[in-house]
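Enquirer: So that we are looking at the same thing, I have put the structure below in structure tokens.
The values are calculated or read from the model by the stated rules, or taken from the named source; none is laboratory data. The structure displayed is predicted, hence computed values, not measured ones. Positions of Cβ are backbone-derived with ideal geometry, glycine not excepted, and every protein chain shown enters the neighbour counts.
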2 protein chains.
Amino acid sequence: MAENTTRTAYTVESLLAVTVEVFNERGYDGTSMEDLSRAAGISKSSIYHHVRGKEELLRLAVGRALDALFAILEEPAASSGRSVDRLEHVVRRTTEVLLTELPYVTLLLRVRGNTATELWALERRRDFDHRVAELLRAAVTAGELRSDVEARLATRLLFGMINSIVEWYRPGARSADGVADAVVHLAFDGLRAR
Amino acid sequence: MAENTTRTAYTVESLLAVTVEVFNERGYDGTSMEDLSRAAGISKSSIYHHVRGKEELLRLAVGRALDALFAILEEPAASSGRSVDRLEHVVRRTTEVLLTELPYVTLLLRVRGNTATELWALERRRDFDHRVAELLRAAVTAGELRSDVEARLATRLLFGMINSIVEWYRPGARSADGVADAVVHLAFDGLRAR
């Protein structure tokens, strides 16, 4: 029984890894269960043994990215201390999660909102952005961040910079740490030499 | 004769404005001459009177964005003075051009490389990025920018931040100046209060 559970869990996991690659390549709308079956090398009925269909696979895939992002907000360094330090931690870890969960976050960022699952994902993404914007606002109020850049605009530029990494990052070419350091340096202290 | 030239120029200009909206909405690949004819409210033969086809319209549209971007590099403030000041000028003006030529730059950023025109546009975009990266490198060498963020990575993050603006900016909601100021503040001095 335990063995069977493990086997099943492994299969959903690996099915998801294949699915997310196909979704990213062909787009969610452009992917059929037939495409997934071919890419995974298993029959459609085997896929239906694990999930109800394409939309559930999407929910599991973007859910994985969202869970990893929301988990950051629960980390000790994100939930206590000065607002600016909490924000810095969240910015660093968001970059790291984007890099370690690259295909899942890429899929999340491409969600457009045509299905209930996509609308749910967009809503949770917005929630995450709002939580970060609140932290940023708290740091401005505390005098830890400059007040001449409006918080909503700063948050957008910050996420714009972080999210753009999915467009060019290839695992192995650079360390996740190096990229996260660069994001934190640029975002908090800027490129100017001091 | 002069009147006729003006009339023709106006028509190509307005045809281009409609075209770029349709390309951005349906994608270049997903747009037919029929779609353009319907959106512009003129016959296909009227369109063919001005351009050879869809690909020439794409070339004119992305060419407009590219010309505006390359023109920045020729501006006095971009071509003389300290490297860091030249770079700051280029970053500010690139943001402004993105906002004032929003549909054209949006189209340019979505080019994927399936046709000769798309490959040409990607090549010119890369040229522009390289010119900015060179300026950034010169500023690092001069000790004006921090040396602990690698120039290529810094350029990518910088353009990632600027280019992401096309995803949310709606003309009128914010001034182009305000957005450009925020980009310059964040990129050069960071969000931290001093």
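Enquirer: Within the bounds of region B:160-168, is there any residue that is modelled with pLDDT of 95 or more and farther than 18 Å from A:GLU167 by Cβ?
Expert: No: zero hits.
Enquirer: Take the residues of region A:78-92 that are assigned to a helix (DSSP H, G or I) and among the charged types (D, E, K, R): which is farthest from A:ASP67 (Cα to Cα)?
Expert: The residue in question is A:ASP85.
Enquirer: Follow-up. Could you please give the count of residues in region A:69-81 that are on the phi < 0 side of the Ramachandran plot, surrounded by fewer than 19 Cβ atoms within 10 Å (Cβ to Cβ) and not polar (S, T, N, Q)?
Expert: Final tally of qualifying residues: 7.
Rundown of residues vs (1) loosely packed, with under 15 Cβ neighbours inside 10 Å; (2) touching a residue at least 12 places away in the same chain (Cβ under 8 Å); (3) of a type in the set (A, V, I, L, M), yes/no style:
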position: A:ARG86; (1), (2), (3): no, yes, no
position: A:THR100; (1), (2), (3): yes, yes, no
position: A:LEU119; (1), (2), (3): yes, no, yes
position: A:ARG126; (1), (2), (3): yes, no, no
position: A:VAL132; (1), (2), (3): no, yes, yes
position: A:ARG156; (1), (2), (3): no, no, no
position: A:ALA182; (1), (2), (3): no, no, yes
position: A:LEU191; (1), (2), (3): no, no, yes
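Enquirer: While we're here: If you take the residues of region B:14-57 that are of a type in the set (S, T, N, Q) and within 25 Å of the chain's Cα centre (by Cα), which of them is farthest from B:ALA116 (Cα to Cα)?
Expert: B:SER14
Enquirer: Which of the residues spanning region A:146-176 are farther than 23 Å from A:PHE70 by Cα and among the hydrophobic types (A, V, I, L, M, F, W, C)?
Expert: Within region A:146-176, A:VAL149, A:TRP168, A:ALA173 meet the criteria.
Enquirer: Just to be sure, is A:GLU150 surrounded by fewer than 19 Cβ atoms within 10 Å (Cβ to Cβ) and under 20 Å from the mean Cα position of the chain (by Cα)?
Expert: Criteria not met by A:GLU150.
Enquirer: Shifting gears a bit: Does A:ALA61 fit the bill of being under 22 Å from A:LEU119 (Cα atoms) and surrounded by 14 or more Cβ atoms within 10 Å (Cβ to Cβ)?
Expert: Yes, satisfied.
Enquirer: Just wondering, is there one or more residues in region A:141-148 that are assigned to a helix (DSSP H, G or I) and facing chain B (nearest Cβ under 8 Å)?
Expert: No, region A:141-148 contains no residue that is assigned to a helix (DSSP H, G or I) and facing chain B (nearest Cβ under 8 Å).
Enquirer: Moving to a separate point now. Do you know which of the residues in region B:93-129 that are of a type in the set (D, E, K, R) and in a loop (DSSP other than H, G, I, E, B) is modelled with the highest pLDDT?
Expert: B:GLU101
Enquirer: Then there is this: What number of residues within region B:149-194 are among the polar types (S, T, N, Q), more than 8 Å from every other protein chain (Cβ to nearest Cβ) and within 28 Å of A:ALA173 (Cβ to Cβ)?
Expert: Selection size over region B:149-194: 1.
Enquirer: Here's another thing I want to ask about it. Just a yes or no: is a residue in region B:90-97 of a type in the set (Val, Ile, Thr), within 12 Å of chain A (Cβ to nearest Cβ), within 28 Å of B:LEU16 (Cα to Cα) and in contact with a Leu (Cβ under 9 Å, 6 or more places away or on another chain)?
Expert: Yes, region B:90-97 contains a residue that is of a type in the set (Val, Ile, Thr), within 12 Å of chain A (Cβ to nearest Cβ), within 28 Å of B:LEU16 (Cα to Cα) and in contact with a Leu (Cβ under 9 Å, 6 or more places away or on another chain).
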